[in-house]
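The values are calculated or read from the model by the stated rules, or taken from the named source; none is laboratory data. Source: prediction; values computed, not measured. FYI the Cβ positions are ideal-geometry reconstructions off the backbone, even for glycines, and counts take in every protein chain you see.
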Amino acid sequence: MNNQPNLQALLRDKKALEQVAKSPDAKALANLLTRQQDQASLKKIAENAARGDTAQLSQLIQSVVNSPGGADLLRRLSGTLDQK
């Protein structure tokens, strides 16, 4: 199942995007990420991913999935995005 069109529509819907970003699950994900990496490292990972080098991003996502509650958190966020 390809969610690319849904993701693109969400990115254009600023109000929905803001609601998701302010959700408790998004805040929990941000806290989890900043416990694992400092903000400069996260920025570098995002910049590399934008240029096509997704190795570090894949490792970061894997670390979230393997963290206590991380997989559930990502599932809830995915469900929230699907609803928007």
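A few comments on the model shown:
- Cross-chain or 6+ apart pairs with Cβ under 9 Å, the range 62-84 first and part of a loop (DSSP other than H, G, I, E, B), then at pLDDT below 90 and not polar (S, T, N, Q): Ser67/Arg35; Lys84/Ala9; Lys84/Leu10; Lys84/Asp13; Lys84/Ala16; Lys84/Leu17; Lys84/Val20
Conditions tested, residue by residue: (1) out of contact with any Gly (no Cβ under 7 Å at 6 or more places or on another chain); (2) under 19 Å from Asp82 (Cβ atoms); (3) modelled with pLDDT of 90 or more; (4) not charged (D, E, K, R).
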{"position": "Asp13", "(1), (2), (3), (4)": "yes, yes, no, no"}
{"position": "Lys22", "(1), (2), (3), (4)": "yes, yes, yes, no"}
{"position": "Ala26", "(1), (2), (3), (4)": "yes, yes, yes, yes"}
{"position": "Ala30", "(1), (2), (3), (4)": "yes, no, yes, yes"}
{"position": "Gln39", "(1), (2), (3), (4)": "yes, no, yes, yes"}
{"position": "Ala46", "(1), (2), (3), (4)": "yes, no, yes, yes"}
{"position": "Ala49", "(1), (2), (3), (4)": "yes, no, yes, yes"}
{"position": "Gly52", "(1), (2), (3), (4)": "yes, no, yes, yes"}
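- Of the set (1) within 25 Å of Pro68 (Cβ to Cβ); (2) among the aliphatic types (A, V, I, L, M); (3) exposed (fewer than 13 other Cβ atoms within 10 Å of the Cβ), all apply to Ala40 but (1).
- Filter result (of a type in the set (Val, Ile, Thr) and farther than 21 Å from Ser63 by Cβ) within the range 14-50: Val20
- Residues satisfying the criterion are absent from the range 30-47 (criterion: touching a residue at least 24 places away in the same chain (Cβ under 8 Å), assigned to a helix (DSSP H, G or I) and of a type in the set (Val, Ile, Thr)).
- The residue that is surrounded by the most Cβ atoms within 10 Å (Cβ to Cβ), among those in the range 54-84 that are at pLDDT 90 or above and charged (D, E, K, R), is Arg76.
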